[in-house]
Amino acid sequence: MDKQWSKVLEIIKDQVNSANFRTWFAQTNCTDVSGASLTISVPSTFIKDQLQTKLYPVLESAIQTVFGKKLNLSFKVDPSMIDKNHDDKFEFQFISTPSKPKLYGLNSRYTLENFVVGFSNNLAYAAAQAVIKNPGLSYNPLFIYGGTGVGKTHLMHGIGNTLASATLDLKIIYCSSEKFTNDFIESIQGRKTNEFRAKYRLCDLLLIDDIQFIAGRDSTQEEFFHTFNELQSKNSQIILTSDRPPNNIPKLESRLASRFQGGLMVDIQLPDFDTRVAILKAKCSDRGEEVSEDILTLIAENMPTNARELEGKLIQIIQNIKLKGLPFTKEVVVNFLDAPRTNSRKLDYKKVLSQINQYFNIRISDITGPRRKKGLVFPRHMAMHLLYYECKLPYGRIGEILGGRDHTTIMHGVEKINTGLNNDREIQKIMIELKQILQV
Ligand code: ADP
Ligand code: MG
């Protein structure tokens, strides 16, 4: 059987380039042939995935040639198969222990297990899962963008950590675009561009964080363009994060922008209320802290902001309470929040209306009046929402204030904004700005 398998490999060697052969085929073996089935042992799931999908036709036809018939192929992952003599002059590294990811710049604290999935990030999370299932083949590149502190870096490390622990010989590089830039510049100064290229162009998974900072740097962009092409042509997975979509990155070369858009672009938005509570819970359990649900709810309600700020506030509260020996109660916690909930109860509805009018540049009569013009309906709904949640007025009373509207109309308006807050970044932004103005 070994002889026949060597023949299969000989055939394949002629059909794929040597890097591909070394990575995907050199360490395979045929461990069983019975009837119409043939079992191939491979050292990692990553290789198994590749052979089962993209490289299946190559394998199938070579096997047919050697065995004289079409066989059903199955794959068995056998990690002990790693070939100690495997040619590693191309710097392929072997991950043999779970602590290895550190070598690649991955932070083991950021995993997919402790990444909370909610409405604001479920698309990005689904894309991450697809990439893990089929690195290099599902979405390449995966481009994750969104404002600061929403979890881009966390998700990226999560993908890296998952792939690193699921596979044995994956070469992963995680770095910021600044690190890439500095490495490149240093390599030029030290006349070591070959080493630089060997490092970045021969990895299986390249994770570059905050790629927007590469913009405007001509030689680095040029180099990255070639790195990108080389990796993509080998189906090595590329994942990039940015604070905005490629088209909106000023001074980004257009050929790079178009490359970045060639795979899948997903955004992560600010977390909605439920996700904020879940993130706070996750952070407590990460740190082994026990904080009651109603306190986490209180914090989440008062902080319609990103995960980083939520986490920062949580830590600040926990530390302060411990330091000062205070009881962990709502009454105490409220004092640490920038916008204490208790104040909002006293919020005067007239103040809310006048601020809304000022913000949207409309008149009181526009908001209380009957006109249904689009430009008026949204501010009116915002007013309903704020009067309900911040002034704590009942629907009926809000209806009276807003020109004699029915309470169901108010309910509907409040609901509309709630939906918007869950899935519309623009509405989230406006709400945050309005709340800042109102200091609630
Ligand atoms: P970004 O890269 O988008 O600026 P980070 O990934 O650095 O944001 O996230 C900031 C902090 O918030 C990190 O500590 C991260 O663990 C946490 N975080 C962000 N999103 C989530 C999430 N969905 N689940 C758990 N923690 C999160
Ligand atoms: Mg980041």
Please state, to two decimals, what the Cα-based radius of gyration of the chain comes to when divided by 2.2 N^0.38 Å (N = residues). 1.26
Calculate the translational D of segment 2-81 in whole µm² s⁻¹ from Stokes-Einstein, where the hydrodynamic radius comes from the Kirkwood formula applied to all Cα pairs, the temperature is 4 °C and the viscosity 1.567 mPa s. 104
Report, in listed order, any pair from Lys13/Lys171; Lys48/Lys234; Lys283/Lys313; Lys13/Lys54; Lys350/Lys373; Lys283/Lys392 with a Cα-Cα distance greater than 19 Å. Lys13/Lys171; Lys350/Lys373; Lys283/Lys392
Once amide H atoms are placed 1.01 Å from N in the peptide plane, what residues at a sequence separation of 5 or more from Phe75, or on another chain, have their amide H within under 5 Å of its amide H? Ile40
Spelling out what I want: for every residue of segment 134-148, take phi, set θ = phi - 60°, compute 6.51 cos²θ - 1.76 cosθ + 1.60 (Karplus), and round to whole Hz; glycine and proline get x. 9, x, x, 10, 7, 10, 9, x, 9, 10, 10, 10, x, x, 6
R0 of 41 Å, Cβ-Cβ distance Lys133-Asn418: FRET efficiency to nearest 0.05: 0.75
By count of other Cβ within 10 Å, fewest leading, how are Glu390, Glu113, Glu10, Glu311 ordered? Glu113, Glu10, Glu311, Glu390
Highest-MSF residue in the chain out of Ile321, Ile144, Ile238 [GNM, Cα springs under 10 Å]: Ile321
Tilt of helix 56-67 relative to the longest C-alpha principal axis of the chain, in degrees (0 to 90, nearest 10)? 20
Compute the long axis of helix 2-15 from its Cα atoms, compare it with the longest principal axis of the Cα atoms of the chain, and write down the angle in degrees, 0 to 90, nearest 10. 70
Sticking with the crude label model, points 7 Å out along Cα→Cβ, report the distance from Gln358 to Tyr56 in nm, one decimal please. 6.4
Only bridges whose two residues both fall in the chain count here: according to DSSP, what percent of them are antiparallel, nearest 5? 20
Taking other Cβ within 10 Å of each residue's Cβ, how do Met1, Met411, Met382 sort, fewest first? Met1, Met411, Met382
With θ set to phi - 60°, apply the Karplus curve 6.51 cos²θ - 1.76 cosθ + 1.60 along segment 355-362 and write out the HN-Hα couplings as whole Hz, x wherever there is a Gly or Pro. 5, 5, 4, 5, 4, 8, 6, 10
How would you rank Tyr349, Tyr200, going from fewest to most other Cβ atoms within 10 Å of each one's own Cβ? Tyr349, Tyr200
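Each reported figure results from applying straightforward, stated rules to the coordinates on display, with no laboratory input. Here the structure is a predicted model, which means the values were calculated and not measured. Counting neighbours? That spans all protein chains shown, and the Cβs are built from the backbone with ideal geometry, glycine included.
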